[in-house]
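This report concerns only the one structure given below.
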Amino acid sequence: MNNNLIAVYPGSFDPPTNGHIDIISRASIIFPKVIVAITHNQSKEHLFPLEERVEMMKKSTRHLKNIKVDSFSGLLVNYLDKIGGFVVIRGLRALADFEYEFQMALMNRTLNKKIETVFLMPDQEYTFLSSSMIKEIAILNGDFKKFVPPVVYKKMKNKKGI
Ligand code: COA
């Protein structure tokens with residue numbers, strides 16, 4: 001076993017949900033060090049600025065000792081290179097995720113042949129969750145408390161426009 005192995009869980013986490021925390025908890029048991037790497041997804045308009053997403057993620061994972069939260073811009077493979085990592089964690093919620101994840105994993109490996117993507121399945125109660133769905137429920141005044149960490153719930157409740 002490589003005790004210096006760093007696994008990176010990338011995403012936009014806008015906002016972090018209990019499904020993300022579930023994946024991070026599972027990864028923290030398997031890998032000695034896990035970096036949650038938050039970035040801007042070019043194809044999405046984000047509700048929370050990067051700094052707020054980082055802050056929410058830090059607070060939501062502080063009970064896990066081997067987790068670090070960081071942010072990056074640009075290509076994931078370049079970030080991995082910078083921190084000396086080659087393992088990417090991704091969550092697979094349902095078959096619908098597979099095509100996109102397969103494409104991303106192979107593209108990352110084409111960009112850097114050392115990159116390995118490890119897929120983890122969240123608890124089945126989180127398989128239908130997504131950040132957009134949480135935002136939609138919040139905007140339409142639905143109850144989303146059980147889907148997000150308490151800090152995220154509070155932040156969303158205080159957010160203008162929600
Ligand atoms: N629980 C709950 N929701 C989950 C989840 C889980 N376990 N896993 C995924 N999701 C949700 C996310 O919240 C997200 O919801 P949204 O679309 O409503 O925002 C959705 O599923 C898709 O998640 P994901 O695929 O992780 O998208 P992302 O935007 O969070 O992450 C990046 C994509 C950032 C990893 C990718 O765009 C990237 O690597 N960007 C850097 C640039 C780069 O290298 N590009 C080339 C890639 S080949």
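The values are calculated or read from the model by the stated rules, or taken from the named source; none is laboratory data. Owing to the predicted nature of the structure, the values given are computational and were not obtained by experimental measurement. Keep in mind that these areas ignore ligands, DNA and RNA; they rest on the heavy atoms of the full protein, side chains included. Shrake-Rupley method; radii C 1.70, N 1.55, O 1.52, S 1.80 Å.
Structure notes:
- Between the helical axis of 95-111 and the longest alpha-carbon principal axis of the chain there is an angle of about 40 degrees.
- GLU136 accessible area, 1.4 Å probe, all protein chains in place, Å² to nearest 10: 110 Å²
- Taking a straight Cα-Cα cut-off under 30 Å and skipping sequence neighbours fewer than 8 places away in the same chain, the lysines within cross-link reach of LYS59 are LYS33, LYS44, LYS68, LYS82, LYS135, LYS145, LYS146, LYS154, LYS155, LYS157, LYS159, LYS160.
- Max mean-square fluctuation residue, GNM over the chain, Cα-Cα springs under 10 Å, options THR117, THR39, THR127: THR127
- Residue-averaged 222 nm ellipticity for the chain, from DSSP H runs of 4+ at -39500 (n - 2.57), nearest 500: -12500 deg cm²/dmol
- Taking the convex hull of Cα positions in the chain, its mean projected area over all directions (nm²): 9.4 nm²
- Calculated P(r) tail over 20 Å for the range 1-61, as whole % of Cα pairs: 28 percent
- Averaging 1/r across all pairs of distinct Cα atoms in the range 45-104 and inverting the result yields a Kirkwood radius of 14.0 Å.
- Spatial separation of Cα centroids for the range 34-48 and the range 94-125, in angstrom: 17 Å
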